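Only the coordinates and a few stated rules stand behind these numbers; no lab work does. Since the model is a prediction, treat every value here as computed from it, not as a measurement. Cβ placement follows ideal geometry from the backbone for every residue including glycine, while neighbour counts extend to all protein chains displayed.
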Amino acid sequence: MYAGVPPSPDPVFVRDLKTFDDKLRLQFSRQLGKFVVTKQRAFGDDFIVLVVQSDDGGFRHPDQRDIKQLYAGDLWRHGGVKERIRKGEEQMLGAEQKDIDNATDELKARTREDKIQLSKAYRKAFNEGSKASEVRRIDVKNPRGRTADQIKSARAAGKDPWK
């Protein structure tokens with residue numbers, strides 16, 4: 001509770017506040033010990049629109065930051081409620097599409113890594129060499145006239161590869 005003489009607001013700020021909306025008033029709240037921006041209702045008491053406070057919640061004099069904050073929260077100056085909802089939906093859809101794109105890119109990267117690991121494991125298991133060939137493989141015939149693929153397929157079928 002504030003017991004001293006209330007501080008006087010900056011007259012330039014009060015003028016800018018009235019220019020923004022003539023129903024807004026700047027008052028000093030003794031209960032809060034801070035400036036508050038209130039709006040007059042047609043019937044009943046005024047209601048608090050904004051409490052002017054520092055970043056740590058303490059006292060500070062009102063300045064242009066508060067006018068900008070009031071302007072950002074004013075729905076009618078930004079096209080009304082429907083426009084604000086439409087912009088929010090567009091932003092949510094854009095974020096959802098971005099998440100889908102990120103998941104797709106990650107899946108492609110993992111698949112690429114799996115392909116490399118599988119090809120290395122295959123080459124190691126079947127003694128194909130340490131690296132994938134960058135050129136077309138040329139099968140050299142052995143002295144008996146069979147290629148390496150013919151020998152492998154005959155062994156896989158359980159036949160004698162030399163006959």
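Between Leu107 and Ser54, what is the FRET efficiency for a Förster distance of 45 Å, r being their Cβ-Cβ separation, to the nearest 0.05?
Taking R0 as 45 Å, the efficiency between Leu107 and Ser54 is 0.45.
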*Around Pro6, with a cut-off of 11 angstrom between Cβ atoms, what is the net charge of the other residues, counting Lys and Arg +1 and Asp and Glu -1?*
+2
*asked:* Calculate the FRET efficiency for Glu89 and Gln40 from the Cβ-Cβ distance with a Förster distance of 35 Å, rounded to the nearest 0.05.
replied: 0.55
*Peptides 146-156, 31-41: what's the order by average Cβ count within 10 Å, highest mean first?*
31-41, 146-156
*Please provide three numbers in whole Å: the alpha-carbon extents of the stretch 80-128 along the principal axes, with the largest listed first.*
71, 8, 6
*Do you know the Lys pair count in the stretch 80-128 for C-alpha distances under 19 Å, with sequence separation 8 or more or different chains?*
4
*In a solvent-free Debye calculation with one equal scatterer on each Cα, what is log10 I(q)/I(0) for the stretch 11-74 at q = 0.18, 0.24 Å⁻¹, listed in the order of the q values?*
-0.64, -1.10
*Tell me which residues come under 5 Å, amide H to amide H, from Leu50 once H is placed; ignore anything under 5 positions away on its chain.*
Val37
_What is the sum of charges, Lys and Arg at +1 and Asp and Glu at -1, for the other residues whose Cβ falls under 14 Å from the Cβ of Gln91?_
-1
